[in-house]
1. Can you tell me which residue within segment 149-180, out of those that are in a strand (DSSP E or B) and among the hydrophobic types (A, V, I, L, M, F, W, C), is farthest from LEU24 (Cα to Cα)?
2. Among the numbered conditions (1) among the small types (Gly, Ala, Ser); (2) in contact (Cβ under 8 Å) with a residue 40 or more places away in the chain; (3) closer than 24 Å to GLN25 by Cα, tell me where SER116 comes up short.
3. Would you point out which residue out of SER28, SER17, SER8 is touching a helix residue (DSSP H, G or I) at 6+ places or on another chain (Cβ under 9 Å), modelled with pLDDT under 95 and either among the polar types (S, T, N, Q) or open to solvent by less than 30 Å² (accessible area, probe 1.4 Å) (or both)?
4. If you go through segment 105-112 one residue at a time, do you hit one that is in a loop (DSSP other than H, G, I, E, B), open to solvent by 30 Å² or more (accessible area, probe 1.4 Å), within 19 Å of VAL51 (Cα to Cα) and modelled with pLDDT of 95 or more?
5. Would you check if there is a residue in segment 66-78 being in a loop (DSSP other than H, G, I, E, B), in contact (Cβ under 8 Å) with a residue 40 or more places away in the chain, loosely packed, with under 12 Cβ neighbours inside 10 Å and not basic (Lys, Arg)?
6. Would you point out the residue of segment 158-177, among those that are of a type outside the set (A, V, I, L, M, F, W, C) and without any contact (Cβ under 8 Å) to a residue 24 or more places away in the chain, that is surrounded by the most Cβ atoms within 10 Å (Cβ to Cβ)?
7. Being of a type in the set (Val, Ile, Thr), out of contact with any helix residue (DSSP H, G or I) (no Cβ under 6 Å at 6 or more places or on another chain) and open to solvent by less than 70 Å² (accessible area, probe 1.4 Å) is true for just one of VAL62, VAL51, VAL143. Which residue is that?
8. Say we look at segment 121-148 and pick out the residues that are free of Cβ contacts under 8 Å to residues at least 60 places away in the same chain and part of a strand (DSSP E or B); which of these is nearest to GLY162 (Cα to Cα)?
Amino acid sequence: TKQPQGSSLLLWGVTGSGKTEVYLQMASKELFEGRHCLMLAPEIGLIPQLVDRCRRRFPSQVFEYHSACSEKQRISVWREALNTVRPLLIVGTRSAIFLPLHPLGLIVLDEEHDSSYKQESPMPCYHARELALERAKKTGAKVVLGSVTPSLFTWKNLAPKGNIALAKLTRRISDKPLPA
């Protein structure tokens, strides 16, 4: 799906339908055009697989940013984001939404329905999805909200009522049936 700058898309796909491949193809376009990409996962446990897929595609452009990284690593990624002239793809958890990526071309929230995107304590309290949508409005970045079971917030904001477009992936890549 081609999107105008600053647009948002719900990528609603069954398990194994290729959502990650869609993210990677969109990231490829943004990186080629010189814009940074941010891919968020709700839990640290999901990061290694996503980082591995990203590094196979973009070996020298992928960085991790989450609480399991050392303070030194996080500072290093922050500085890289702040000072680099080459486009980066940062894979992280909700706190990565604050990284100073300019120009920012794409923000992906995989499993957007997950409650882990909401920081309730300690302060500051925020929801990474809402910050991603707001940041996209201000920067012209694209937002992709991927999910098998989208949140009520996202359903409520689907076009024409809201400002989020919908793309469906209804079949698994392997054409294997879904588990019972």
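1. LEU158
2. (3)
3. SER8
4. Yes, that holds for at least one residue.
5. no
6. Among those that are of a type outside the set (A, V, I, L, M, F, W, C) and without any contact (Cβ under 8 Å) to a residue 24 or more places away in the chain, it is GLY162.
7. Answer to the selection: VAL51.
8. Going through the qualifying residues, I end up with HIS127.
The values are calculated or read from the model by the stated rules, or taken from the named source; none is laboratory data. Remember, it's a predicted structure, so these values are computed and weren't measured experimentally. Here the Cβ is made from the backbone with ideal geometry for all residues, glycine too, and neighbour counts use every protein chain on show. These area figures cover heavy atoms from the full protein model, side chains too; ligands, DNA and RNA do not enter into them. Shrake-Rupley method; radii C 1.70, N 1.55, O 1.52, S 1.80 Å.
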